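What follows is a short report on a single structure.
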Amino acid sequence: MVGISFPDQDNLLSLDESLAELALLARTAGLDVVGQETQNLTRPNPKTYLGSGKVSEIKMVIEDLVVDVVLFDDELNPRHQRELERAFGDSVRVVDRTALILDIFAQHAHTREGALQVELAQYEYRLPRLTRAWTHLARQAGGGGGRAGSVGGVGLRGPGETQLEVDRRDIGRRIAQLQREIEKVRAHRSRYRARRKQTAIPTIALVGYTNAGKSTLLNRLSESDVYVANELFATLDPTTRRVSLPDGQTVLMTDTVGFIQKLPTTLVAAFRATLEEISEADLLLHVVDSSHPNAEEQAEAVRDTLQEIGVEGIPTVTALNKIDRFPGPGFPVDYLDLFERAVPISALTGEGTEPLLRVIEQELFESMVDVDLELPYEAGNFISFMHDQGIVEEVDYRREVIALKGRLPKHLMHTIESFKSEADGSKSENESEVEQTKEVE
């Protein structure tokens, strides 16, 4: 493994901590880590990213340890990757952090949606790096298989360049096809969420750093059997389960993909359809591994990613998980002041889950919003809905409208517009029937 420190880098983790995380990623991908090298640089070397002396030093280590793969903790540009592989030898693969995470995602994508999203991210990552893949063709003798130029053979293309262009076009077409298929998935998810909202059941999105224990917590709260493993990115595909709150209310809780520092932008873009489950939630349940030495930094990475995908302003409750790992009464109470509405829990043993559900319940149902509306008579169903889901304080049936005052849980405020839309549609249909009757008369 190779890590580089730059003075202007604004990383959440130190270089050593980031390399420790890279080692976990490597093991998740099935690699054995045999050593690491670090270097402090003011700026990347334009040719090899590393300094030339460090490149020579790593080459000797590769020969001594018979290394197959060199992992870089940052994303390399195509030229750096090409030059480093040339320097280290043809038998050695240079893999950056982004490619490693993409490989892990490919191993863990079990549904069609997950596979589509990972394939799209992989192609978008590979497209600018295709020149590396075809260098063996460029070394072949030009002429025979090439495409002739326009005048007297001038501009004759070698087979390597020809194959490269064909491959780029093929990948471009595949990317476009994947984007269309993912857009269909996105539309399907949108319709599914709309139907869910009509039922007025609150939705909660589980978010957190990878391996924080989100799936274990979902299993504990819903008494289900979502796949759990002590590895990074064990869960890619969103899983939704019903969870009962202490006072009998039911919520839908969705487990989402775990975050990580330096999450590749190609993955964030490809998983947009999945991440929209977070942006449409009524409440976020942020699961933090409180036993991890970098718990605060991991939580900050989650918040940064949420901001990157445009998720802001959604109420959040924090589950400080894995308190069973602290000896005796060793849980640091100071943690509670560092996180939003924090509740210490153990998803493994169940300790603290009852208080957690009560905090969730309070956030969803006891934070009510005042409602003061004038509704058309076609929206009369909203009054029944208010009696079921909120508190009706006053109803005044006037000549043309119904005046209503009361309070409604804030996560249900969006339903007002849907009732109004239905009323407008009903009103339009009635007006149309009246017009048709007039025409007949």
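The values are calculated or read from the model by the stated rules, or taken from the named source; none is laboratory data. Nothing here was measured: the structure is a model prediction, and the numbers come from that model. Ideal geometry is used to build each Cβ from the backbone, glycine not excepted, and the neighbour counts take in all protein chains shown.
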When residues of region 76-114 are filtered for being within 27 Å of ILE182 (Cα to Cα) and among the charged types (D, E, K, R), how many remain?
5
Report whether or not PHE385 is touching a residue at least 24 places away in the same chain (Cβ under 8 Å), under 26 Å from PRO246 (Cβ atoms) and not assigned by TED's automatic domain parsing to the domain that holds VAL288.
yes
Taking the criterion of being within 20 Å of TYR209 (Cβ to Cβ), of a type outside the set (S, T, N, Q) and touching a Leu at 6+ places or on another chain (Cβ under 8 Å), would at least one residue in region 2-11 satisfy it?
yes
Taking the stated definitions as given, is VAL343 modelled with pLDDT of 85 or more, touching an Asp or Glu at 6+ places or on another chain (Cβ under 7 Å) and within 12 Å of LEU285 (Cα to Cα)?
no
Given (1) under 11 Å from the mean Cα position of the chain (by Cα); (2) touching a residue at least 60 places away in the same chain (Cβ under 8 Å), where does GLU300 come up short, assuming only one miss?
(1)
What helices (runs of 4 or more DSSP H) lie completely within region 1-97 and have 1 or more residues being within 22 Å of GLY258 (Cα to Cα) and touching a residue at least 24 places away in the same chain (Cβ under 8 Å)?
15-28
Regarding VAL287, is this residue at pLDDT 90 or above and among the β-branched types (Val, Ile, Thr)?
yes
I'm trying to understand the selection: among the residues of region 306-329, which are assigned to a loop (DSSP other than H, G, I, E, B), closer than 26 Å to LEU267 by Cα and either touching a strand residue (DSSP E or B) at 6+ places or on another chain (Cβ under 6 Å) or β-branched (Val, Ile, Thr) (or both)?
ILE309, VAL311, ILE314, PRO315
Checking LEU25, LEU41, LEU71 in turn, the sole residue that is out of contact with any Lys or Arg (no Cβ under 8 Å at 6 or more places or on another chain) and either of a type outside the set (D, E, K, R) or more than 30 Å from LEU120 (Cβ to Cβ) (or both) turns out to be LEU41
